[in-house]
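Every read-out reported here was derived from the displayed coordinates using simple, explicitly stated rules and does not represent laboratory data. The model shown is predicted, which means the values in this text are computed figures rather than measured ones. Because the Cβ atoms are built from the backbone with ideal geometry, glycine has one as well, and the counts that use them run over all protein chains shown.
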Amino acid sequence: MKQSVVVLDAANTKECTSENIISVTKKLKDGGNRLITLSSADLGDSIDILYHFDLDLDLADIRVNVPKGKKTPSIASVYPCAFLVENEIKEHFGVDFDGLPLDFAGMLYLDEEVQKTPFCKIGINRVETQKQEA
Amino acid sequence: MKGLINWSRVKSPWLLHFDCGSCNGCDIEVLACLTPLYDVERFGIINVGNPKHADILLVTGTVNHRNKVVLKNIYDQMPEPKVVVAIGACGTSGGVFRDAYNVVGGADKVIPVDAYVSGCAPKPEAIIDGVVIALGKLAEKGKKVDQGIFERLEQTQKEIKDR
Amino acid sequence: MARTVLPFGPQHPVLPEPLHLTLTVDDEIVKEAIPKLGYVHRGLEKLAEIRDHTQMIQIVERVCGICSFLHALCYCQGIEALMKAEVPPRAKYLRVVWAELHRIHSHLLWLGLFADAFGFESLFMQFWRIRERIMDVQEATAGNRVIISTNVVGGVKKDIDKEMEKWILETLVKVEKEVNQLKTTILDDYTVKQRTVGIGVISKEKAYELGAAGPTLRASGIAQDMRQTGYAAYPELDFTPVVETDGDSYARTVCRFNEILQAIDLVRQAFAKMPEGELAFKPKGLPSGEVVSRVEQPRGEVLYYIKANGKKFLDRLRIRTPTFANIPPLLEMLPGCDLADVPILILTIDPCISCTER
Amino acid sequence: MFMTKTVLKNLLTKYATRLYPFQKIEPFKDAKGELKIEMEKCILCGVCKMRCPSQCISVDKKEKFWQVDPFACVYCGICVEACPVKCLYQESLYRPPADTKQMVCHIQEAKPE
Amino acid sequence: MNTNILIVVMAAIVLSPIIGGLVAGIDRKVTARLQGRYGPPLLQPFYDVLKLFGKEKMIVNYWQIFCAYMYLAADVLTVVLLAMQSDLLLIFFVLAVGGVFLVVGALAAQSPYSQIGAQRELIQMLTYEPLLILVFVGIYLETGSFKISDIINNYHQPLLYSLPLLFVVMGYALIIKLKKSPFDIATSHHAHQEIVKGVLTEYSGPYLAIIEISHWYETVFLLGLCALFWHTSLIGMTILLVVTYFGEILVDNITARLTWRWMLPHTWTGGLIMSFANYVWIYEKIRK
């Protein structure tokens, strides 16, 4: 049923691991889904990333739990427009996406003055992540 | 002749508006001043987009880490005599977002500000009042420039003294 | 002519908001455009962890000055879903009235700025002159011209009495007459069509794949409008999304223009069917759980992801605004266009940079 | 060419500008303007301090001191509704701009017991 | 003989900035009223120029100053030559030299905006100069000489009767030269342009004032050229000038800015067709 406000619970969000996230998104894309965005929240030891899809105004969500410091594949190969929001999550939460086409290297929104990743409870130092790239 | 030039400074203030981190509520009110209902062109005010031509700098929005450098750069590009008007709660003191992590606070933390217009999305009349106050300051600064005292030189001399 | 690199900088007379584009231009044809954002990023989602969830309404309203009511509406609907609060019907209709008024003033503002981008100053003045009527209505009903803060968790703070309602309907009649007078100018004028037809074309598949939202999506032929999902009082009003097919700047102008007339009609319907009743429902307790709430802003669908855990402060607030979804289509349109069309392309997705960067 | 009718009509009819400083129009009835307080009624409870979204009010019970930063205040009217004794009110006219930033503070003289 | 020529020349040099400034003031006031606004006071252009003289001197390099002064000198010379009723072609070339100096001044600065503005100004010159030549050739075919004094003394019928289409072609050149809306591609009075202020981006303070004054001279010169089309009666001339200038302002307010890719082909084809139609019409008249 088309709903504008969806309370997420175990029923309507599918769990998924970061390995097969690309195949799941490919299946959803063939099913005609439009990627809305990725939302993420900090659970203390791991980052919980939610992939929101929309098929003719019906919401479909996939939840991936990424432990801090681990890499997760970027879905920009399936949905090209995902690079912007993945860059943002990389800056705010310090999650590394591998295979990111246009990498802002943590400079999308924030400058050097902001050292810690702002949205994690215990901020990971951002300066090292840039050093590896630079 | 000097008096005539200083008098004409107040009669034809050219305005440059820079939005550093504003929710664009104040920006549309600044643009609303140009439209038929409030029409600031009757005071000779034109919105020039070029810092080289501008006299008054209208700053809206909380200055954040990235655009404080741009704001300083624009302020330095403007020829003397120049005045700055900080618009809205964000422009004057950071407003509702004072405690956010990327916010530096009002415009006066980066450049000297001459007039503060309060209000969250101040009405166009309030912005016109703020510009009028700034015009008074512009006339004083104009007199100083006529005697050859340039703010820019004073700053560099102060820096040399500090070192 | 040599290949010049043109910084379309944060401060530019055409751009209402700071957005940096490094354009490599070869004989006035844009070869490549690299964006640089972050000039408006205040990081206000982090404030959700130090501000009470009712105070967050004032902060969420100030994400973007042009679509402030819709932000508050989306946030309140999310919290109401978490707290299982049932909004009284009159509040639902009042929310539709203010939302559609906000859409009219936002689209009139955009039409003015768009006309100004291709050098048509008198049209900019005309549209903004009509828009002042809507601003007066908003100030009379809600107290502030731009930030209409009448939303509360569980309903609406302010009421519109009969006499105010009559005055609003009269103003809307005047606005509709004046907007229709300008219809031939913005849609049929030769010089305007010369500058908008065939500029920045996005095909239906490309728009869907790049995840465009709002008029940018609907102008390419996909009839997706969040109001069809029926939040607030939209199920009771008959509403069909405005769709265009050929997906260029001209189609988006037509799409937004018709949405103004549709919004005026929706306000009239809402006033006709508005029941009496109390304004807000006092919710008890604190929100807990996760919710995704979506609402139709003038620029497209906005998505709020709210995570609360029964404490006064929210655990996580995530806002994805329509302009964030429209940036990839813009970056896809820019290479290959003429330098004179760059401001038109930037404004054709109706950018609200303060929305994008929160 | 379609704009000529509108443009010529503008030329012949009166201009639409409200000549602001000379012609002041009366503000709307419940427009949210300057925040004011009737200091005698205030019981210094601090509810307004807690409810203010931009934390710009500071209340000190000992020195009977109430202060607001008019430049941080966003005039949203939450404190006016939250005040238990209704001593805060908002004018319909906006606060005039100033060329220096100063706080608005009120001190309550000791009430004769 | 040379004393009253001297008086005329002195009057031209002193009076035309004042007339040019007033015309610019009226222009901005009428544009504002067309848009439904109250509009600036009539003397606003004079306040602007006076204020600009009082600004701090910020120059990119010395070429800019030289070009600004040479642009002013060229425009003053055109007005003086017009006042001395000398040869039309000579005036045309001095005007072209003035335009080139403006472009060189813009090219002197490194900013990409003024570079692209300069290239666009060259394209604009490319468009309106052939049209002006066609108009002058038409005048020559009709009156038999390029010298203004001959035209005024021994041609006793308003040129407009015989060269109406050429006056329209002249109108095209006028729109481009006065930087009015459909063709204000290089620089425009209204701020909102993608290359900021185009040619004038890097000028500021006193040198922008000099450019503005030379722009007044140019306006007076162009109105002088239009006056040539009805030189017999003074009332006819004033009516013609008022109508053409109001036409310019009206066109400025009812059209959007077009790209130079549209301007070049359309102005050339339109201009060529109209002038040849007019030539054929004149030729018919002479043969009969």
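Annotations for the structure displayed:
- Cross-link table B:123/D:9; B:68/D:62; B:2/D:101; C:36/E:57, entries beyond 30 Å C-alpha to C-alpha: B:68/D:62; B:2/D:101; C:36/E:57
- Antiparallel bridge percentage (DSSP; both residues within the protein assembly as shown; nearest 5): 75 percent
- Take every pair of alpha-carbon atoms less than 8 Å apart whose residues are at least six positions apart; their mean separation over the length of chain C yields a relative contact order of 26 percent.
- Neighbour counting of Cβ atoms within 10 Å sorts the residues D:39, C:83, fewest neighbours leading, into D:39, C:83.
- CD proxy at 222 nm, helix term only [per DSSP H run n ≥ 4: -39500 (n - 2.57); per residue of chain E; nearest 500]: -25500 deg cm²/dmol
- Partner lysines whose Cα lies under 18 Å from the Cα of residue B:161, excluding those fewer than 8 positions away in the same chain, are not found.
- The modelled label-to-label distance for the pair residue A:22/residue B:155, using points 7 Å beyond Cα in the direction of Cβ, is 5.1 nm.
- Per-pair calculated FRET efficiency, R0 = 30 Å: residue C:197 and residue E:276 via Cβ, rounded to 0.05: 0.45
- For region E:2-287, a crude dipole built from +1 on the beta carbon of Lys and Arg and -1 on the beta carbon of Asp and Glu, taken about the Cα centre, is about 440 debye to the nearest 20.
- For region B:1-130, the share of DSSP beta bridges that are antiparallel, to the nearest 5, is 10%.
- The angle between the Cα long axis of helix A:21-30 and the longest principal axis of the Cα atoms of chain A comes to about 40 degrees, rounded to the nearest 10.
- By other beta-carbon atoms within 10 Å, ranking A:7, E:280 with the fewest at the front produces E:280, A:7.
- Size descriptors for chain E: radius of gyration and Dmax over Cα atoms are 19.0, 65 Å.
- Once the C-beta distance of residue E:284 and residue D:12 is scaled by a Förster radius of 30 Å, the resulting FRET efficiency is 0.10 to the nearest 0.05.
- Computed about its Cα centre, the charge dipole of region B:2-162 is approximately 360 debye, with only Lys, Arg, Asp and Glu carrying charge at their Cβ.
- Remark: A:102, B:153, C:210, B:31 ranked as B:153, A:102, B:31, C:210, counting other beta-carbon atoms within 10 Å and listing the fewest first.
- Label-point gap, in nm, between residue E:8 and residue C:165 - each point 7 angstrom along Cα→Cβ: 7.7 nm
- Distance between the pseudo-spin-label points of residue D:89 and residue B:163 (7 Å out from Cα toward the beta carbon): 6.0 nm.
- Nearest-ten-degree value, helix D:3-12 long axis tilted from longest Cα axis of chain D: 80 degrees
- Each Lys and Arg contributes +1 and each Asp and Glu -1, all at the Cβ; summed about the Cα centre of the protein assembly as shown, the dipole is approximately 1340 debye.
- Loop-located GluC sites (Glu not before Pro) across region D:44-100 with a Cβ neighbour count of 15 or fewer within 10 Å are D:63, D:91, with loop assigned by DSSP.
- Nearby aspartates and glutamates by direct alpha-carbon distance to residue D:41 (threshold 20 angstrom, same-chain neighbours under 8 apart not counted): D:60, D:63, D:81, D:91, D:109, D:113
- Förster-model FRET efficiency, 56 Å R0, residue C:29 and residue D:40, C-beta, rounded to 0.05: 0.20
- Angle in degrees between helix E:234-254 and the longest Cα principal axis of chain E, rounded to the nearest 10: 50 degrees
- Cα centroid separation - region B:63-138 against region C:186-201, whole Å: 38 Å
- Here, P(r) means the percent of Cα pairs in each 10 Å bin from 0 to the largest distance; for chain C it is 5, 24, 33, 24, 10, 2, 0.
- Expected 222 nm ellipticity per residue - DSSP helices of 4 or more, -39500 (n - 2.57), all of chain D, to 500: -4500 deg cm²/dmol
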